[in-house]
Amino acid sequence: MATTMITTLDRSSRAAARGLSDISIRNLFIIPTVLFLIVFNIFPLIYSLGYSFTDFRASTNAPANFVGLQNYRDLLNDPYVWSNFAITAKYVIISVAGQLLVGFGVAMLLNRDIPMKGLLTTLLLLPMMLSMAVVGLFWKLLYDPSFGIINYALGLGTFEWLSDPKMALYAVALTDIWMWSPFVMLLSLAGLSAVPKHLYEAAAIDRAGPFYTFFRITLPLVAPILMIAVIFRTMEAFKTFDLAYILTSQPTAELISIRLYKMAFQEWQTGRSCALAYIVLIMVLAITNIYVKYLNKVKER
Amino acid sequence: MRKLVTSVLAGIGLTLACGTSVYAQEKSLTIFWAEWDPANYLQELGNEYEKETGVKITVETTPWSDFQTKAFTEFNAHGDAYDLVVGDSQWLGAGSTGGHYVDLTDFFNKYKLKEVMAPATVKYYAEYPGNSGKYWAIPLEGDAVGWSYRKDWFEDPKEKEAFKAKYGYDLDVPKDFKALRDIAEFFYRPDQKKYGIAIYTDNSYDAMAMGFENALFSYGGELGDYSTYKVDGIVNSDKAIAALDAYKELYKFTPPGWAKSFFVEDNQAITENLAAMSMNYFAFFPSLINEASNPNAKNTGFFANPPGPNGDQFAALGGQGISIVSYSQKQDEAMKFLEWFIKDETQKKWAALGGYTCSAAVLKSPEFQNATPYNKAFYETMFKVKDFWAVPEYAELLQQLNQRVYPYMIGGEGTAKETLDALAGDWNATFKKYGRVK
């Protein structure tokens, strides 16, 4: 059965000459990947599920005791964890919305005949090619109240971007928007250039205004690809760690992943942190599922 | 195909063979520590050891921010990458009860280290649990939080006159916490880009806790009873509340953006002409008297943490002891290194290289005390230091302190009493969880 699903091997090829069948070639490619996935992804995933029901601490010799749902109960009753989730939600919304606005806006601007379009696009893509940690360190300098260039350029004096508890999360989100808008821009650009030109010509003949054209033609046709960008960025924003960890230590900007890191690798509460990781996993899965459902709906239209 | 398999196998075999033979031939020890100047001094000391014995010493380092994480990741995996580790004083509980450290009690008693080393260093760097007579480390780097200040700003006659007119007493090295606050306020001049004081505020590890402890201990407060684990009524006592308020008061006079500051920022406050006074570990003072790293080296002075309102004078303890990792394959070799390390002449060399020896005899010697402008303050401080909890769950206690104190210190949320009451509640719950209190 399997042989019918893949293209058969050319009889005169070197692989065939060595006596390798289609199935063995397929296995040669797939089995190592599957094994890798099982050993490094599936196995730890299941193993940590087991740990999440114990009071195991990796830093001691004490045996792990089964505590049932205690870890989950404690975590969901912990006001600090809830505030971490609220902060993360706020961060995801600000950062993804910002990226969508800026990225799509820039894509609209670029989606026309302008000189040096290729070069411009490439330059705009640079931020997302940098490492998160490097971006974090640079923006920390840019935000510095004493010598940072942002305050200097905007004439803000010694405005404290990162040490002001109210501002810190926005400052991190701003950096994330700077870094990842190009990603949304790239996907939008691909979506925009795929919109058939004849639709615009038809709209022009019917004397449709620019707003009408945008909301009735451009947006619906680009929506599926924008949704994909939103899914990716939401998942990534939910997991943000390095950027926020480097930029600020404000409790008002403590994302759930930072809390998880502290719990797992500073406090060594292995059991409890496994439980928290599972709660986060379930949340990300749920959100992604909603998006995917919506994406399918958009595609059907 | 068969050829390929054979050659790969041969390659693996060769690598293994080479690996084991190198292992057998060369005697070497790896010591793990954080990335800072004292680690370089220890490497130099290790080079001396190699000259004498032929055993190669490698000091491996990692930045402070992930020192704890990296060390415990290795311990938890029972890895033998490090033979010895210069661990933070708070790790003793986790290191000893977790089985990561080799019991050094016999070694300690054999060489009477309890008398050789300064008492506070034995108590905080080596013994766990407190007063048990069980030792897990040899005090290596003594350290405590002290202060540096700008002598030129303090000695300016105009400043002196203005200060006396405003506060009614002479501008000098602060004699108590009130003077510390007044001087910080006096020099706080944002329009001139001059600020009063630099303190620790970083909440990612123990920085803010150490800074707060400096105020707490000098105000006569305590974090709790280290033998009964009672915290309620101690960490939230009136003295502790006054101390937290005093520490928060100092935050008003810090340079802008001082919400995530630790040793790097606090030394910068002096080198970049930002602050009149700066809190820091003694271990970071050598770079302040070095003209290459501090343009104000000639004008930088040092003082010990001042007393509080009741005359109590203490300081927060830093510093580390050296322990043998129980997963090391070369424990005997490591033991020999420690035997060499505790010798008087080695300790003298260690001090001369820039290490802060814990040897009582060397500390008391005039040549040590006169060697640098801050050694005398260091000697005085080392006999009145106190430390954070050293229980295995100290990281949770630290996190809870950061979680409660930081929003009050930096964000101005709630009151000192509410903050410390809540902290006492958190700590009590944690001690309950680990069965230390009922």
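So the values come out like this:
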{"quantity": "Sorted peptide list for B:344-356, A:278-290, criterion being average Cβ within 10 angstrom, highest first", "calculated": "B:344-356, A:278-290"}
{"quantity": "Nonlocal Lys pairs with alpha-carbon distance under 25 Å, region A:80-300 (8 or more apart, or different chains)", "calculated": "15"}
{"quantity": "Shape category assigned to the protein assembly as shown from the gyration tensor of Cα positions, a/c cut at 1.5", "calculated": "oblate"}
{"quantity": "Using distinct alpha-carbon pairs, which all enter the 1/r mean, Kirkwood radius of chain A in Å", "calculated": "23.3"}
{"quantity": "Order of B:HIS78, B:HIS100 under a 10 Å beta carbon neighbour criterion, fewest first", "calculated": "B:HIS78, B:HIS100"}
{"quantity": "Stokes-Einstein D for region B:275-319, Kirkwood Rh over Cα pairs, 4 °C, 1.567 mPa s (µm²/s)", "calculated": "106"}
{"quantity": "Global form of region B:128-235, assessed from the alpha-carbon gyration tensor, a/c cut-off 1.5", "calculated": "prolate"}
{"quantity": "Order of B:ILE197, A:ILE23 - criterion: other Cβ atoms within 10 Å of each residue's Cβ, fewest first", "calculated": "A:ILE23, B:ILE197"}
{"quantity": "For q = 0.12, 0.13 Å⁻¹, Debye-computed log10 I/I(0) when each Cα of chain B counts as one equal scatterer", "calculated": "-1.01, -1.16"}
{"quantity": "Loop sites in region B:71-174: trypsin sites (Lys or Arg not before Pro), DSSP, at most 12 other Cβ within 10 Å", "calculated": "B:LYS112"}
{"quantity": "Shielding by partners - mean other protein chain Cβ count within 10 Å, residues of A:58-65", "calculated": "5"}
{"quantity": "Net charge of neighbours whose Cβ lies under 14 Å from the Cβ of A:ALA86, counting Lys and Arg as +1 and Asp and Glu as -1", "calculated": "0"}
{"quantity": "Residue-count net charge about B:GLU141 - beta-carbon cut-off 12 Å; Lys, Arg +1, Asp, Glu -1", "calculated": "-3"}
{"quantity": "Cross-link reach list, aspartates and glutamates versus B:LYS432, counting only Cα pairs under 20 Å and skipping chain neighbours closer than eight places", "calculated": "A:ASP55, A:ASP74, A:ASP78, A:GLU267, B:GLU222, B:ASP225, B:ASP232, B:GLU393, B:GLU396, B:ASP421"}
{"quantity": "Residues of type lysines that B:LYS114 reaches as a straight line, Cα spacing below 20 Å, ignoring anything fewer than 8 places off in the same chain", "calculated": "B:LYS123, B:LYS134, B:LYS336, B:LYS343, B:LYS348, B:LYS364, B:LYS384, B:LYS386"}
{"quantity": "Distance from region B:314-342 to region B:154-189 (C-alpha centre basis), Å", "calculated": "44"}
{"quantity": "Shape category assigned to region B:238-366 from the gyration tensor of Cα positions, a/c cut at 1.5", "calculated": "prolate"}
{"quantity": "Shielding by other protein chains, A:244-251, mean Cβ within 10 Å", "calculated": "4"}
{"quantity": "Length-normalised contact order of region A:185-301 in % [C-alpha pairs under 8 Å, at least 6 apart]", "calculated": "26"}
{"quantity": "P(r) histogram, all alpha-carbon pairs of region A:29-146 included - 5 Å bins from 0, percent", "calculated": "2, 8, 7, 10, 11, 12, 13, 13, 10, 6, 4, 2, 1, 0"}
{"quantity": "Value at 222 nm in deg cm²/dmol, rounded to 500, when DSSP H runs of n ≥ 4 in the protein assembly as shown each add -39,500 (n - 2.57)", "calculated": "-17000 deg cm²/dmol"}
{"quantity": "Separation between Cα centres of region A:28-46 and region A:131-189, rounded to whole Å", "calculated": "39"}
{"quantity": "Within 10 Å of each Cβ in B:76-84, the average number of Cβ atoms from other chains", "calculated": "1"}
{"quantity": "Peptide ranges A:138-147, B:265-274, A:69-78 listed from the most packed, as the mean C-beta count within 10 angstrom indicates", "calculated": "B:265-274, A:138-147, A:69-78"}
{"quantity": "Partner lysines for B:LYS151 [C-alpha distance under 16 Å; skip if fewer than 8 residues away on the same chain]", "calculated": "B:LYS160, B:LYS175, B:LYS194, B:LYS298"}
{"quantity": "Sequence ranges B:138-148, B:289-299, A:95-105, ranked by mean other-Cβ count within 10 angstrom, highest first", "calculated": "B:138-148, A:95-105, B:289-299"}
{"quantity": "Unit Cα scatterers, Debye sum, region A:149-301: log10 I(q)/I(0) for q = 0.09, 0.13, 0.15, 0.16 Å⁻¹", "calculated": "-0.48, -0.83, -0.95, -1.01"}
{"quantity": "Axial C-alpha extent at least 27 Å, average Kyte-Doolittle at least 0.0 - helices from chain B (DSSP)", "calculated": "B:2-25"}
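The numbers here are math on the coordinates, done by the rules we state, and not lab data. Only a predicted model underlies this, so the values are computations on that prediction, with no experimental measurement involved. Glycine also receives a Cβ, built like all others from the backbone with ideal geometry; neighbour counts cover every protein chain displayed.
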